[in-house]
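Okay, structure first, notes after.
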Amino acid sequence: QDVRIQAVSNFTEAPFVNARVPNIPVFFTNITTSYDLDLGKVKARFAYFVSFMDEFTFIQEAALQRNDNNYVPRQWTHRVGMTWLFFAEKMALSADLSNIFDAPLFDVRSVQRPGRNFSLKLRYVFTK
């Protein structure tokens, strides 16, 4: 999605014609694959997630000017997750490993996010 400024209202904004709109990645994608396993009283789901985001600027720059400090770099992240369902699916135990290759990741202002992390979640559904 290559969103660009088409027109400006005054002469001082003229260098921004045809410049990309800030804070919008040009290309990004997410891919998910999962596998469900039924073991009788226990069910399991294994999942793998991949995300890609191309570099983009987070402030307005003129079309012919580039400052690398104003860009969020290209980034790939990989994540795996597992979920086990017990007791007629009333209880679930989930484990998730994010950023499994410990790649440098950044938010929309180019501030580095935490590296590899692990999370564990236990859920129980109370019903009649």
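Read-outs: derived from the displayed coordinates by stated rules, not from any lab. Just so you know, these numbers come straight off a predicted model, no measurement behind them. Every residue, glycine among them, receives a Cβ derived from its backbone with ideal geometry; neighbour counts consider all protein chains shown.
Across region 101-110, coupling constants 3J(HN,Hα) worked out from phi with the 6.51/-1.76/1.60 Karplus curve, θ = phi - 60°, read 9, 6, 6, x, 10, 9, 7, 6, 10, 6 Hz, and Gly and Pro carry x. Placing dummy labels 7 Å off each Cα toward the beta-carbon, the span from N70 to S110 is 0.9 nm. Peptides 50-59, 114-123 ranked from most to least packed, by the mean per-residue count of other Cβ atoms within 10 Å: 50-59, 114-123.
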